[in-house]
Amino acid sequence: MKRGLDKKGLNQIDWVISLAIFLLYIAWFFIFLKPQIQISSYLSPLGYDVKESFKNDFYYSIDKYPIFFASSKIQNDTPIFFDFNNKTGKNFDISGGKDYFLYKNRMLALQNFNNDTTYLWVVESDKTYTHTNKKLDLIKFNDTITTSKGLLARFNNSLLNHLSYNNNNIADIEFGINSYGFTPQTSNFTEYIILSEYKAKTQPITLFTRVIAKNSLIWFSAEKNDVDAANNLLMKYSVYGVTNYFSDNSHYGNISSCESYQNDFLKVYNQRFSMSFILPQNTSISFCKNSTVTRLNITMRINTQKDFFLILDTPLFKEENFTDYSIYSGVKQNIAGLDYSILSNETYTTYKTKKTEWGVSNDNNFQIIVWNSSLNNLLMRENNTVFILGDAPLTTRDVYSTEYRDFILNENGETSEVTVSVKTW
């Protein structure tokens, strides 16, 4: 009887010992074989190096600053001319798809005013900026004709020779240099986003004539080609039906005889329309009326680049209407972020290449993931992955991981928030 009890006790001891060995084995398995993922704001030295290398390779920055325009007028698509000097030498653009035209240091943009202050953003970076070649309202444009907002301009060899504005004609337009005719050696027509440009070049002078979209405005630029010589540029216009003129308080009145004087503004008009010139200082103006036709002669000295303008409008147009706005620049900001164009370049972002470039040894590995989602929504992460570099950690070694908020930056300075995960093992 006692022997049976002893045997039963030994069986229970064996069972307890077996269970203890099994539990020790399970504990050993989880302790030594399962990878330990350490999620922390602090990384291992390897993790820190990978994170910094990622930022160095995938980050870039832009400079961004506003230009403010203030006006009391209420008008859309107002032509704004201002000096723009890109001293940094970087590529630049107007943010938000704003159309503009830049000639040397003179920029033109079309701005809407509603009796307040408006602005546009200038961005500068090493990126390449391109513009869609959309046209605004240049209804017809080729090397002989451009139309815009009631204005029809005809050209011959890139020289303006006829204008029509709301059925008012300006004909027999001629250009000359000194006492000779303006005979272009070369002529070119170019269509831009917000204007048509005609270029007529002679040996002494090159003349650009630009018809501005959504306006009845022509912008001229004259440049001397001979470094040592200055030449006179002459313009002649035959204007039908105008009865009055105005330059300043000393030169105005009815057009009944011949007049000759120097001024930087001339407006000839009747009850239906006006034709105005914004001219360089010390420009010579003369005109004579013959029956219903007034013949205008305008002469200016071209010793540097000269810009001047012709505006066709209502009789109420005034010289101050042309520059009825103030301009000032805001503070320049430097914005940094992840470069999406690099993140999406699969050739650039191969794991093997980056591992070698960043000096990660063969015994170590890493994974970087960028999500366009919040830190808390794991399901959204899987559906909004922007970028992955490296495979998921399948290892018996400890895995160190950190996550942080960051931004993807586009070339216009616009940002979108993302979450970045860095794992190393």
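Of all residues in the range 394-425, those that are surrounded by 17 or more Cβ atoms within 10 Å (Cβ to Cβ) and not in a loop (DSSP other than H, G, I, E, B) total 14.
Considering only the range 178-186, I want to know if a residue exists there that is small (Gly, Ala, Ser), within 19 Å of residue 296 (Cβ to Cβ) and in a loop (DSSP other than H, G, I, E, B). Yes, the conditions are met somewhere in the range 178-186.
Of all residues in the range 212-227, one or more are among the β-branched types (Val, Ile, Thr) and more than 21 Å from residue 150 (Cβ to Cβ). When the residues of the range 78-93 are filtered to those that are charged (D, E, K, R) and in a strand (DSSP E or B), which remaining residue is modelled with the highest pLDDT? Within the range 78-93, the match that is modelled with the highest pLDDT is 93. Quick one: how many residues across the range 368-408 are modelled with pLDDT of 85 or more and among the charged types (D, E, K, R)? Adding up the residues that qualify gives 4.
Would a scan of the range 318-334 turn up a residue that is modelled with pLDDT of 85 or more, under 23 Å from the mean Cα position of the chain (by Cα), surrounded by 12 or more Cβ atoms within 10 Å (Cβ to Cβ) and of a type in the set (A, V, I, L, M, F, W, C)? Among the residues of the range 318-334, at least one is modelled with pLDDT of 85 or more, under 23 Å from the mean Cα position of the chain (by Cα), surrounded by 12 or more Cβ atoms within 10 Å (Cβ to Cβ) and of a type in the set (A, V, I, L, M, F, W, C), which makes the answer yes.
Selection of first residues in the range 310-335 that are part of a loop (DSSP other than H, G, I, E, B) and of second residues that are of a type in the set (Asp, Glu), restricted to Cβ pairs under 7 Å at least 6 apart or on distinct chains, gives the following pairs, ordered by first then second residue: 332/63.
When the residues of the range 53-77 are filtered to those that are charged (D, E, K, R) and within 17 Å of residue 323 (Cβ to Cβ), the one that is modelled with the highest pLDDT is 77. Output the number of residues of the range 120-147 satisfying the condition of being surrounded by fewer than 16 Cβ atoms within 10 Å (Cβ to Cβ) and at pLDDT 80 or above. Looking only at that region, the number is 5. Quick check on the range 336-359: of everything there that is of a type in the set (Asp, Glu) and in contact (Cβ under 8 Å) with a residue 24 or more places away in the chain, which residue is surrounded by the fewest Cβ atoms within 10 Å (Cβ to Cβ)? Applying the filter and picking the extreme gives 357.
The values are calculated or read from the model by the stated rules, or taken from the named source; none is laboratory data. Keep in mind the model is a prediction, meaning the values are calculated, not measured. We place every Cβ from the backbone using ideal geometry, glycine too, and count neighbours over all the protein chains shown.
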